[in-house]
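Participant: Pasting a structure below so you can have a look.
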Amino acid sequence: MHTKGEWKAEIGYEDSYIVCKSKQGITGIATVHKKNPMNPVSGTTEANAHLIAAAPAMYEALKAIADSSSPISPKKAHEMAEKALALAEGRTP
């Protein structure tokens with residue numbers, strides 16, 4: 001089970017990004033560090049944080065599409081996918 005609700009990527013400390021749920025206080029989900037020898041490419045830290053933060057929206061979209069007992073319209077599936085992609089790219093849905 002994952003932490004419910006929208007996740008957000010926010011600037012943390014020492015050039016890191018914190019992925020958290022921040023409606024009623026902050027619940028930490030993950031920290032994406034910039035100074036990671038496994039992640040030497042500039043600009044990927046923020047992108048990775050946004051991708052992690054989009055996980056709940058991606059999960060909900062896939063779950064809705066895969067649920068054969070409650071099928072959704074192609075338009076609704078497209079809207080859910082667009083929202084997940086916007087969040088993954090750091091844009092406002």
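The values are calculated or read from the model by the stated rules, or taken from the named source; none is laboratory data. Everything numeric in this text was worked out from a predicted model, so none of it was measured. Glycine gets a Cβ as well: all are built from the backbone with ideal geometry, and neighbour counts include every protein chain shown. Accessible surface areas use protein heavy atoms only, side chains included; no ligands, DNA or RNA. Shrake-Rupley method; radii C 1.70, N 1.55, O 1.52, S 1.80 Å.
Participant: Write out, first by first residue and then by second, each pair whose Cβ atoms fall under 9 Å of each other, whose residues are 6+ apart or on separate chains, and whose first residue, in the range 1-13, is under 13 Å from residue 57 (Cβ atoms) while the second is in a loop (DSSP other than H, G, I, E, B) and open to solvent by 90 Å² or more (accessible area, probe 1.4 Å).
Facilitator: Note: pairs meeting the criteria are 5/23; 6/23.
Participant: Report, ordered by the first and then the second residue, all pairs with beta carbons closer than 6 Å, sequence separation of six or more or different chains, a first member in the range 64-93 that is free of Cβ contacts under 8 Å to residues at least 60 places away in the same chain and assigned to a loop (DSSP other than H, G, I, E, B), and a second member that is surrounded by 10 or more Cβ atoms within 10 Å (Cβ to Cβ) and charged (D, E, K, R).
Facilitator: Every condition considered, the pairs that remain are 93/83.
Participant: Another question about this same structure. Can you work out which of the residues in the range 6-29 that are surrounded by 12 or more Cβ atoms within 10 Å (Cβ to Cβ) and of a type in the set (Phe, Trp, Tyr) is modelled with the highest pLDDT?
Facilitator: Within the range 6-29, the match that is modelled with the highest pLDDT is 7.
Participant: Here's another thing I want to ask about it. Residues being of a type in the set (A, V, I, L, M, F, W, C) and within 13 Å of residue 29 (Cα to Cα): count how many of those fall in the range 41-64.
Facilitator: 6
Participant: Among the residues of the range 48-64, is any at pLDDT below 85 and surrounded by fewer than 14 Cβ atoms within 10 Å (Cβ to Cβ)?
Facilitator: no
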